[in-house]
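The values are calculated or read from the model by the stated rules, or taken from the named source; none is laboratory data. Keep in mind the model is a prediction, meaning the values are calculated, not measured. FYI the Cβ positions are ideal-geometry reconstructions off the backbone, even for glycines, and counts take in every protein chain you see.
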Amino acid sequence: MSPSEPNFAAGVPWLRVFDQAASAMAILDLQGHYRYVNEAMCRMLGYRREDLEGLDYRAVTHPDDIDPEGPVESPDLLEKRYIRSDGSVIWASVARSFIRDSHGRAIHFLSQIQDITRRREAELLWQRSFANAPIGMAVLDLKGAWTEVNDTLCGMLGYTREEMLSMAFADVTYEDDEEQGMVALDELIEGNRDSISIEKRYRHKNGHPIWMLIRATTVPGADGAPAFVVSQYEDIGEQRLVDAHLAHLALHDPLTGLANRALLADRLDHGLQQLARDDGVLVVVLADLDQLKPVNDRFGHALGDQLLIATARELQLAVRAGDTVARIGGDEFVVVSLLPDEDAARSLRDRVEQHLNTDVKVHGARMRLRASVGYTTTSDPAVAPDMLLHSADRDMYASKRRRREGHGGGR
C-alpha cells in the first residue's frame, strides 16, 4: 500500500458507515482493481471479501458490458451485468464517481451498486409481451398521442411505427366516434374509472373502416395520478358482421327478410310511444293471401315461397321507408305506420290492397296475387298492441267475407 492510499484497516468512522451500508459499495484503484468492498457487495456477488479485494472489476463483469477504457466518472447511472460466483448473471445499476485528494486529483474510484435484476426481468417481460402480442397494443400520453405501438397495431392500421408515433388516436378515428373516445379518455385521466372497454371505428391508411374493441387502463406516476395509458386493440369487424347477422335472423323472417313477430311487437310499442308525443294516428294494416295453399298444392312449396317473396316486395313498394312491414304467419303480413290522420290511413290501406291484388312475375311466369286486407287505427297511446292486431284481423276477415260473397260464395 502506497503512502498516498488511505489506510483501510485504520478503523476511521467512514469505514463503519461504508461497511454497514445496505447497498453494495466498492472502492477501486484507477486501474480498476477492487481495493475495498463492503459486505453488501460480497452478498450481491456471492464472494468473500478476500476473494474480491485485489480483483479486476472486469473479472466479474459480463463480457458484453466491459468498458475498455476502464472506470469512468459519470453523473449518469450505468446499467450493466455482473457474473456471480455461481455463474449466474445479475443486472445492476451503478453510480460512478472519483475520490479526490486535497488537490482535486483522482486517486480512487467509488462504485455504488443496486441489484435491479427483478426490475429488468419485469421490463423484459413487458417488452416482449408488448412486441409479440397477437393483438394491437399501445402506450399513449394523457392527450391521446401514441408514444409506443407494437407491430400488430401497425399492421392492423397499415401505418409504419414512425407514422403511428407522429399521430394521436383521434387522427384515425371516424368523426362519429370521436366523442366516445375522448369521453373515455377523460374519465380515465380524471380517475373516474380505472379501465374502459369500448367499440369504435378506426380508419385504415387505405381508407376503409376497422371496427376495434379497445381496452384501456391508466398507469399511475410517482404521485399516484395517471401518468400514461396502456391500450389493447382487437379487430372485431368479422365478429360484428356475425353478430349483426345473428341479430337480423333473430328479428326477421328468413324467407322474405321482413320483420318477424318479435320485431313487430317492438315496432308497435315504439309507435305507441311516438303517438304519446306527437299528433296523428297509428295504423295497423293486416293482409292475408287468399290463394297460397292452392299454389303450394298444385305447384309445390318452392313456387309458394317465391309468391311470398313477391308479396313482400309488393308490400315494400306500397309503404314509406320508415314504415314496418312484417310477416307473422304462413300467409299473413302486417304493416305499421304513424300517419297524420284517418284519410292517410285509408290511403295506406288502399295502396296495400292494390299492390297485393295484382299480377306478379314468379320464375318468369305471370301469377295473380290475391289478398284480403283489413286495418285499424288508434290515437290512444295506451291501447294494447294485441288489441290493434286483433282489430285489424277482424277487419281483414270482414273484407275476406265480402270478397267471397262478391264471387258467389267463395267459388
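Of the conditions (1) closer than 20 Å to ILE236 by Cβ; (2) hydrophobic (A, V, I, L, M, F, W, C); (3) in a loop (DSSP other than H, G, I, E, B), TRP211 fails just one. Which one is it?
Result: TRP211 fails condition (3) only.
Look at GLY46 and say whether it is among the small types (Gly, Ala, Ser), modelled with pLDDT of 95 or more and closer than 24 Å to GLY87 by Cβ.
yes
Output the residues belonging to segment 100-114 that are touching a residue at least 12 places away in the same chain (Cβ under 8 Å) and part of a strand (DSSP E or B).
Selection gives ALA106, ILE107, HIS108, PHE109, LEU110, SER111, GLN112, ILE113, GLN114.
Determine whether ARG58 is without any contact (Cβ under 8 Å) to a residue 24 or more places away in the chain, surrounded by fewer than 16 Cβ atoms within 10 Å (Cβ to Cβ) and of a type outside the set (Asp, Glu).
Here the answer is no, as ARG58 does not meet what is asked.
Among the residues of segment 172-227 satisfying the criterion of being among the charged types (D, E, K, R) and over 18 Å from the mean Cα position of the chain (by Cα), which is surrounded by the most Cβ atoms within 10 Å (Cβ to Cβ)?
LYS205
Here are some residues: ASP323, ASP359, ASP343, ASP350. Which one is closer than 21 Å to HIS248 by Cβ and either out of contact with any His (no Cβ under 7 Å at 6 or more places or on another chain) or of a type outside the set (Phe, Trp, Tyr) (or both)?
ASP323
Hey, ARG320 hits all of (1) part of a loop (DSSP other than H, G, I, E, B); (2) closer than 18 Å to LEU263 by Cα; (3) touching a Leu at 6+ places or on another chain (Cβ under 7 Å) but one; which does it fall short on?
Failed condition: (3).
Specify which of the listed residues (ASP359, ASP323, ASP331) is closer than 14 Å to VAL283 by Cβ, assigned by TED's automatic domain parsing to the domain that holds GLN291 and of a type outside the set (S, T, N, Q).
Within the list ASP359, ASP323, ASP331, the selection yields ASP323.
Among the strands (runs of 3 or more DSSP E) confined wholly to segment 344-411, which include 1 or more residues that are surrounded by fewer than 14 Cβ atoms within 10 Å (Cβ to Cβ)?
Counting at least 1 such residues, we get 359-362, 365-368.
Being in a loop (DSSP other than H, G, I, E, B), surrounded by fewer than 11 Cβ atoms within 10 Å (Cβ to Cβ) and at pLDDT 90 or above, is that true of even one residue in segment 19-29?
yes
Kindly indicate whether GLY271 is farther than 23 Å from ALA371 by Cα, assigned by TED's automatic domain parsing to the domain that holds MET387 and either not hydrophobic (A, V, I, L, M, F, W, C) or not in a loop (DSSP other than H, G, I, E, B) (or both).
yes
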